[in-house]
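Notes follow the structure.
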Amino acid sequence: MNRVGYGAMRLAGPKVWGFPENPESARQVLRLAVELGVDFFDTANAYGPRTVNQLIGQALRPPPEGVIVGNKVGAERGPDQSWIVDGRPETVRRQVHEALTDMGTQASELTYLRLVGDTPGVHQDIPLEESLGVLVELRDKGLIRRIGLSGASPQMLARAQQMTPIAAVQNRFNLLDRSGVQVLADCEAQGILFIPYFPLAAGRLSSYHELTGPAERLHATPAQVALAWLLRRSPSMVVIPGTSSPEHLRANVAAAEVAEHLTEVEVTRLTELVDESKASLDQVT
């Protein structure tokens with residue numbers, strides 16, 4: 001697998017709602033990603049809702065050989081465009097079928113269950129076992145090939161592993177937010193892919209001063225260095241930066257080459273930065 005994937009959330013309309021102004025441009029970006037060697041795409045029923053999955057289905061039907069689309073279920077959008085975690089079994093089951101319809105596939109290569117274990121102050125109302133049990137059932141029926149978790153705490157990952165093998169975990173993790181570090185360590189120990197979401201801190205890393213030196217030395221951008229650091233931080237990482245721009249897509253894919261040229265001193269310096277984002281974000285200009 002190419003360790004630089006593509007996060008498709010930005011292909012939706014404003015505020016991740018509806019279709020973009022130019023759907024064909026969005027489809028072209030998806031096709032370009034495949035041309036550039038991207039073979040891992042990240043999406044969710046809640047993006048749009050459903051419109052991003054429909055764009056993926058239109059652009060990549062049938063999915064090219066070796067391409068994996070990871071889709072998240074267990075989250076809904078309210079009529080006010082709010083984000084709602086909904087792990088009710090009936091919601092999970094419905095969303096799996098909706099995703100298969102929207103993307104025009106017989107089976108999902110990877111379906112994540114959206115949890116709230118990495119969201120401070122939010123509690124999961126539906127027991128993990130009930131929601132995950134639906135995915136296990138649908139996998140046994142051949143509608144899902146791999147099961148993942150999104151937003152999992154270390155305890156949730158351990159409980160899930162008692163029910164079924166977990167192929168991938170998607171949690172918040174970037175240069176300024178290491179809140180997922182324990183889950184990352186667990187994934188490394190168990191051979192599970194770790195997919196950091198918000199790998200560029202929603203764009204805030206583009207002006208982070210600690211990235212300037214390595215970026216200038218390598219004739220790269222700070223964003224490329226931030227992605228490169230993630231790739232060097234752990235062999236379990238697959239990064240999924242998102243963009244609707246062909247130029248930014250090319251730059252993101254090129255971060256894999258930047259990673260090869262970061263020095264150990266640079267990697268160590270970035271790794272030793274303050275782990276908590278609140279303190280570090282004060283330094284962003």
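Bear in mind these aren't lab numbers, they're just calculated from the coordinates by the rules spelled out. Computed from a predicted model, the values in this text were never measured in an experiment. So basically every Cβ, Gly included, is an ideal-geometry build from the backbone, and we count neighbours across all protein chains shown.
In terms of Cα atoms, the Rg and Dmax of the range 1-103 work out to 13.4, 39 Å. Putting +1 on Lys and Arg Cβ atoms and -1 on Asp and Glu Cβ atoms, find which of Pro79, Gln170, Leu249 reaches farthest to the positive end of the dipole of the chain. Value computed over the given set: Pro79. Under 5 Å between amide hydrogens, built in the peptide plane, is the criterion, and for Asn171 it picks out Gly151, Ile195, Tyr197 among residues at least 5 positions away or on other chains. Working note: Karplus 6.51/-1.76/1.60 with θ = phi - 60° gives the range 213-222 the couplings x, x, 5, 5, 5, 9, 6, 10, 9, x Hz, where Gly and Pro are set to x. Put simply, the C-alpha atoms of the range 61-101 give a gyration tensor, and the ellipsoid matching it has half-axes of 24, 12, 9 Å, longest first.
The three principal axes of the Cα atoms in the range 79-184 give end-to-end lengths of 39, 36, 27 Å, sorted in falling order. On the basis of the beta-carbon distance and an R0 of 25 Å, Phe19 and Glu247 show a calculated FRET efficiency of 0.70. Each Lys and Arg adds +1 at its Cβ and each Asp and Glu adds -1 at its Cβ; summed about the Cα centre, the chain shows a dipole of about 420 debye.
I need the shape label for the range 189-264. Rule: rounded when a/c is under 1.5, else prolate if a/b > b/c, else oblate, with a, b, c from the alpha carbon gyration tensor. Oblate is the answer for the range 189-264, as a/c is 1.5 or above yet b/c matches or exceeds a/b.
Estimated translational diffusion coefficient (Stokes-Einstein, Kirkwood radius over Cα pairs, 4 °C, 1.567 mPa s) of the range 152-202: 117 µm² per second.
Taking the helices alone, the chain has a mean residue ellipticity at 222 nm of -12000 deg cm²/dmol, built from -39,500 (n - 2.57) per DSSP H run of at least 4 residues and averaged over all its residues. Only the Cβ atoms of Lys and Arg (+1) and of Asp and Glu (-1) were treated as charged; on that basis the dipole of the range 37-100 about its Cα centre amounts to roughly 140 debye. Taking the number of Cβ atoms within 10 Å of each Cβ as an exposure proxy, the fewest-first ranking of Val73, Val16, Val136 is Val136, Val16, Val73. Taken along the Cα-to-beta-carbon direction at a fixed 7 Å, the label points for Leu32 and Glu216 span 3.0 nm. Over all Cα atoms in the chain, the spread is summed up by Rg and Dmax: 18.1, 53 Å. Taking a ≥ b ≥ c as the square roots of the Cα gyration tensor eigenvalues, the range 137-285 comes out prolate, since a/c reaches at least 1.5 and a/b is larger than b/c.
Among the GluC sites (Glu not before Pro) in the range 217-274, those located in a DSSP loop and surrounded by at most 14 other Cβ atoms within 10 Å of their own Cβ are Glu272. Taking the Cα centre of the range 143-278 as origin, work out the dipole magnitude from +1 charges on Lys and Arg Cβ and -1 charges on Asp and Glu Cβ, in debye rounded to 20. Magnitude of the dipole: close to 480 debye.
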